[in-house]
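The values are calculated or read from the model by the stated rules, or taken from the named source; none is laboratory data. Predicted model, so just to flag it, every value in this text is computed and none were measured. Neighbour counts run over all protein chains shown; Cβ positions are idealised from the backbone, glycine included. All accessible areas refer to the heavy atoms of the entire protein, side chains included, with ligands and DNA or RNA removed. Shrake-Rupley method; radii C 1.70, N 1.55, O 1.52, S 1.80 Å.
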Amino acid sequence: MDSQHWRAVITAAQAGDRRALDELVEGWLPLVYNIVGRALNGHADVDDVVQETMLRAVGNLGSLRDPDSFRSWLVAIAMRQIRDRARRRTPDRLEEAATSDFAELTVLRLQLEGQRREVAEAVRWLDDEDRHLLSLWWLEVAGELTRRELAAAVGITRQHAAVRVQRMKERLETSRGIVRALDGACPALRELTGRWHGRPDSVWRKRLARHLRGCGYCGGTREAVVPAERLLAGIALVPLPVGFTLSLALGGKTAAAATSAATSAGWSAKLLGALTKPAVAMTAGATIVAGGAYVVTQPPHAPPPRAAVTPTATAGSAPPRTSAPPAPTPKSSPTATKKADPYGTVVDAVDRAPDPNARPAALPRRPESGITSTGGPKAVMQHRGDRVTLTGRGYVLVRWQISPGSRPGALVMPSWTGLKGRLFHVASGGRRRMDDPLPGAPNGYATGMGGPGIGYAVLPPGTQQMWQNEYFYLDGTVTLTQNERGCDYGLTVFPTNRDAVVGDIDQGPPQGAVRYGLVRDTGTDSAPVPQYVTRATPADPATVPQRSRV
């Protein structure tokens, strides 16, 4: 950031310039969000800690003597709030899960791949103290902080900071090795992780590190390992999520008292006006609400938040409107419109494959804000118990790969558990169903399900046949678990978008392809839900019954 510009902004804000104060909050919020988000790895307390940091910074801005030290001063406030939060945690809150894994947000929002993705995911394996330090060191190597500012924020000398950073980097490299090994296919590691609960922690980091040190398979790497600092250099800040809300509330004070407190704290006129008017003011990317100030930060030029949207009926129609007139109140009448079937009563079921040259129906348009995945942009699930949690609003591709030549027999279908919100089966693609003939296929294959020479993969009775690519629409959160137990199969899970779905199902059939895709989505709550889906979280996901109702 331009230090001369920010020196002028800070000086103006201290002198009472309301616009300068607005610019200061808006300009430095992303830095605070990244520090707190990485230190807490997306825990539910992130919003509260960011809010408290900004509130304290604004309230104490007048005490800052040197505008040039604003950044280190602000970072020190953030780290102090992080430490205070750690001290306030009670034993019954120690196992609280993250609301949105910050490592995953880093991978998806910055579109990291390869070893950069590996570093981001390795953060999950660090202890809290190391993760707090890494949240600053990450920004140091990215050019957002200096070593002097890092040391000041932690409250130690630069020499001590160098030692602490070196030890943290060693544990980060160990964690990178664990991430790399878990992506591999070491049989001994697979046996060891059969007892793992699936959550990264220090105990399992040590166990897996011992395995890596003594395992020739996991120890050998297929590519040169680039130092973490070279990978992180130049990586931008993770952008604030659309709809991220920072509440700089003034508590339950009266309007007059709140106005007085706000004036002494240096709040802008925009915030003061909101305290005495019931209206909502829109200013420079901030929404300010009476009784306090709620700053809703969005990317530059982002559209306003969307109201509830009714999906359109066809793929070629215009995008959904952001607002709609209020629906008329229905009149009481014996001939009232029939209520649509509630969500979840229509379950995907066996059907006949369409003819090879039958084009799919138009895919209805549903609202998309994006999907985050605990498995990253490409989650490969090859073993029983592998799972991925998906969160957001948008489309997901589940790609099938069956290997009856390795282990034929009965399939135990994957299951969707812990559903919060809604999940639909919207389309099938990949240009073939798994039971389509494979002319000229080697090694005794007759179809994607196997053949006489190698044996077949057999579906449970009544189960819908899979296609190579199966597409789903999620509005909420759900966990997909690979339940392999009979026939050998693997799943690859990709967050995707409607354009990619349409491009797949409308593609073909060129020479060698079997068919076009198939649309199952109705655009309404009568669209089918997957067969093996439940809102419960069973101990064994493989026990989810077919035709689950949600």
Skipping prolines and chain starts, which residues have an amide H placed within reach, meaning under 5 Å, of the one on Ala457, given they are 5 or more residues away or on another chain?
Gly409, Gly450
With the 1.4 Å probe rolled over protein heavy atoms, the range 147-201 has an accessible area per residue in Å² of 56
Thr157 paired with Glu229, simple spin-label distance in nm, labels 7 Å along Cα-to-beta-carbon:
2.0
Descending packing, highest mean Cβ count within 10 Å first, for 392-401, 156-165 is 392-401, 156-165
What spacing in nm lies between the two simple spin-label points modelled at Ala410 and Thr345, each 7 Å away from Cα in the Cβ direction?
3.2
In terms of the Cα gyration tensor, with a ≥ b ≥ c the square roots of its eigenvalues, is the range 417-550 rounded because a/c is under 1.5, prolate because a/b exceeds b/c, or oblate?
oblate
For the pair Thr524 and Arg359, how long in nm is the line joining their label points, each one 7 Å along Cα→Cβ?
2.5
At R0 = 56 Å, FRET efficiency that the Cβ-Cβ distance of Thr146 and Arg485 yields, to 0.05
0.55
Difference of contour (0.36 nm per residue) and Cα-Cα distance, Glu26 to Lys378:
123.4 nm
Which percent of the accessible heavy-atom area of the range 433-525 goes to carbon and sulfur, probe 1.4 angstrom?
54
Residues meeting the amide H criterion for Glu484 (H placed from the backbone, H to H distance under 5 Å, 5 or more places apart or on another chain) are Arg384, Gly385
